[in-house]
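Novice: Here it is, the structure, as structure tokens.
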Amino acid sequence: MEENDFKKKRIAAFYKTSSPDIYGLLKTYAKENRDNQTLAEQYLWSELSGKALGHSFRRQHIIGDYIADFVCLSKMLIIEIDGGYHAQPAQIQHDELRTQALNRMGFSVVRYTNEELLNNLSTIVNDIKRILESTK
């Protein structure tokens, strides 16, 4: 099997991957999230959309029973933008469990806060470029 065929099959494995009983609900939430992006998500999407970094990204994409803020399926990279509530102890624990589950599926997860993104967009974009270049 050629590498390109392998990548296509690997990417196809992450469509409609949630439990069938909750997929419809996740799909609704994902659409609501796309329609109501935070300012930080809008800024980052303006840098990621249309293969601006040389790779295709999806926003609010369902993977398993989770909705990833941004994902580059070909590089198995998830980018999460965390609002203030992510600093709460219970949410920190939940985020760690979520990251572990996504790692088990083969994804790398990178997290930035809203504040980091709004104050250092170019630094974060350069960081994402570096990650993309270093990922097979």
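Novice: Multiply the residue separation of Thr123 and Gln91 by 0.36 nm, subtract the distance between their alpha-carbon atoms, and state the gained length in nm to one decimal.
Specialist: 8.9 nm
Novice: Ignoring ligands, DNA and RNA, what accessible area per residue does the range 91-136 give at 1.4 Å, in Å²?
Specialist: Details: 2890 Å² over 46 residues.
Roughly 63 Å² per residue, with all protein chains present.
Novice: Using 0.36 nm times the number of residues separating Asp65 and Thr28, minus their current alpha carbon distance, what extension gain do you get?
Specialist: Extra length from Asp65 to Thr28 when fully extended: 12.0 nm.
Novice: FRET efficiency for Ser74 and Asp21, Cβ-Cβ distance as r, R0 = 30 Å, nearest 0.05?
Specialist: Computed FRET efficiency for Ser74 and Asp21 comes out at 0.55.
Novice: Taking a point 7 angstrom from the Cα of Leu39 along the C-beta vector, which residues in the range 93-124 have backbone N less than 16 Å away?
Specialist: Within reach of a label on Leu39: 113-122.
The values are calculated or read from the model by the stated rules, or taken from the named source; none is laboratory data. Given the structure is predicted, the values throughout are model-derived calculations rather than measurements. Quick reminder, even Gly has a Cβ in these numbers, built from the backbone with ideal geometry, and neighbours come from all protein chains shown. Calculation scope for accessible area: heavy atoms of the full protein, side chains included, ligands and nucleic acids excluded. Shrake-Rupley method; radii C 1.70, N 1.55, O 1.52, S 1.80 Å.
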